[in-house]
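To keep things clear, I will list the structure first and then write my remarks on it.
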Amino acid sequence: MTLVLSNEEIGRLISMEEVIDRLDLTYQDLGNGAAQNRPRSDIYGPFRDNARYVFKTMDGMAPRFEAAAIRLNSDTIRWNSTPSGIRKDKQPTGPGGKWIGLVLLFSMRTGEPLAIIPDGMIQSMRVAATNALGAKYMAPENVSIYALLGSGQQAAAQARAMMHVRPGIKEMRIFSPTAANREKLAREIAEEFGIHAFAADSAEHAVRGADLVGCATNSITPVVRLEWLEPHAHVTCVKELELGPGILGRSALVAVHTRLDRPANYIVGEGENPIYDHDPAQGLPEDVAKTRVMRPENEVDLTKQIDIGELAVGRFQKPPRGSMTTFVNTIGMGLQFAAIGSLVWEKAVEQRVGHDIPTDWFLEDMHP
């Protein structure tokens, strides 16, 4: 039988700690050449109502867990200029005002489909766990003040993941443009972990004096500035577009999720050759594209920095104590969905959670 699960069921089956441990092993395999990933690809449809339909796929293979997976998103995306910068928002255009993201998990032993699951819960946990592992490998052991920029689903996951790898955090400062959202997350973290967590009134207020700074926003323009950062700070982000000029150049060590750091974008009306970039100007509304192209080139070449596999196996030289370091979650990996998806499937089978559908529905007796 093939399992179908919901985000709610997945959230009950796996914990952040388990996801961090699973990805730690997976990244060790990646660093040792025992796992593989295929880069993300996005196809942009024409503009409609100031939005684009974007079809995104990524896949990977985790032999340790005998699993392969493809993650796909069928998205309607709108980019908007706001006082806080350019925001990229996926629109809930599916029936009932919902989003569409799926993970298809396959057995490497038999080739059969093991599970069909939504990507939402895994998505937020895998990004947060990856940034937390970057901090585990790179940030000082004695960090006590964490500044978090963002208060949505992704930021909330980042906050909890960081507490697992740096339990010595005593203070968490949270800023996002919407006061009610940052105050709500601060209350939740304070109650859950028993630390001093509060909503800062500005990004600068949150960042100044912090040992660890996390960016978890949907902005594609900078949200943190170099002059706010402590010389010893460790900085994480979900994309380098969140980082202000000079941060990468000042860092004594920059590590990336993967050196294949740009999706291959195929845009209707722009020819058949891919454009390798995050949110390429050719795919954006004209007013947003003008702001996007004003961003200068990175001070360092992210395609030449150490990646998370090398971090996981210790194949890097630690910078001098007190140096600034930055982990850039350049782009997601299908490998993450293979690793975490197999964890979900194992636990679902063990606990008899989910809905079974006949695997034979997905098989064929004609040679493909």
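The values are calculated or read from the model by the stated rules, or taken from the named source; none is laboratory data. Since the structure is predicted, the reported quantities are computational estimates derived from the model, not experimental observations. Positions of Cβ are generated from backbone atoms using ideal geometry, with glycine treated the same way; all protein chains shown enter the neighbour counts.
Does the range 128-141 contain any residue that is part of a strand (DSSP E or B) and in the same structural domain as Pro245 (by TED's automatic domain parsing)? The answer is no, given that none of the residues of the range 128-141 is part of a strand (DSSP E or B) and in the same structural domain as Pro245 (by TED's automatic domain parsing).
Considering the range 306-338, the residues that are over 26 Å from Val103 (Cα atoms) and of a type in the set (D, E, K, R) include one that is surrounded by the most Cβ atoms within 10 Å (Cβ to Cβ), namely Glu310.
Among the residues of the range 271-320, those identified as touching a residue at least 24 places away in the same chain (Cβ under 8 Å) and of a type in the set (Ser, Thr, Tyr) are Thr291, Thr303.
Scanning the range 261-294 for residues that are assigned to a loop (DSSP other than H, G, I, E, B) and under 22 Å from the mean Cα position of the chain (by Cα), we see that the one that is modelled with the highest pLDDT is Pro263. In this structure, Gly96 does satisfy being under 30 Å from Arg352 (Cβ atoms) and surrounded by fewer than 17 Cβ atoms within 10 Å (Cβ to Cβ). Within the option set Thr258, Thr326, being assigned to a loop (DSSP other than H, G, I, E, B) and either within 30 Å of Met61 (Cβ to Cβ) or out of contact with any Ser or Thr (no Cβ under 8 Å at 6 or more places or on another chain) (or both) holds for one residue only, Thr258.
Under the condition of being crowded, with 20+ Cβ neighbours inside 10 Å, at negative phi and not in a helix (DSSP H, G or I), the residues counted in the range 146-162 number 5. When restricted to residues that are basic (Lys, Arg) and over 18 Å from the mean Cα position of the chain (by Cα), the range 43-77 contains 3. With the structure loaded, tell me whether Ile86 is in contact with an Asp or Glu (Cβ under 6 Å, 6 or more places away or on another chain) and of a type in the set (Val, Ile, Thr) or whether it fails that test. Taking the combined requirement at face value, the residue does not satisfy it.
Residues in the range 59-71 that are in contact with a Lys or Arg (Cβ under 8 Å, 6 or more places away or on another chain) and surrounded by fewer than 18 Cβ atoms within 10 Å (Cβ to Cβ): Glu66 alone. Residue check: is Arg109 farther than 30 Å from Leu229 by Cβ and at pLDDT 95 or above? Yes, satisfied.
Of the residues in the range 101-127, how many are of a type in the set (Ser, Thr, Tyr) and either in contact with a Gly (Cβ under 7 Å, 6 or more places away or on another chain) or in a strand (DSSP E or B) (or both)? So the count comes out to 1. Every condition in (1) modelled with pLDDT of 95 or more; (2) part of a strand (DSSP E or B) holds for Asn80 except the one numbered (1).
Kindly establish whether Ala264 is within 29 Å of Arg48 (Cα to Cα), surrounded by fewer than 20 Cβ atoms within 10 Å (Cβ to Cβ) and free of Cβ contacts under 8 Å to residues at least 60 places away in the same chain.
no
Quick grid of which residues meet (1) in the same structural domain as Ser81 (by TED's automatic domain parsing); (2) of a type in the set (Asp, Glu); (3) in contact (Cβ under 8 Å) with a residue 40 or more places away in the chain; (4) assigned to a helix (DSSP H, G or I):
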site	(1), (2), (3), (4)
Ile189	no, no, no, yes
Ala197	no, no, no, no
Thr221	no, no, yes, no
Glu227	no, yes, no, yes
His232	no, no, yes, no
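Results for (1) basic (Lys, Arg); (2) modelled with pLDDT of 95 or more; (3) under 16 Å from Asp261 (Cα atoms), shown as yes or no for each residue.
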position	(1), (2), (3)
Gln36	no, yes, yes
Asp42	no, yes, yes
Gly45	no, yes, no
Ala51	no, no, no
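If the condition is being over 14 Å from Leu105 (Cα atoms) and not charged (D, E, K, R), then the range 334-356 contributes Gln351, Val353, Gly354, His355.
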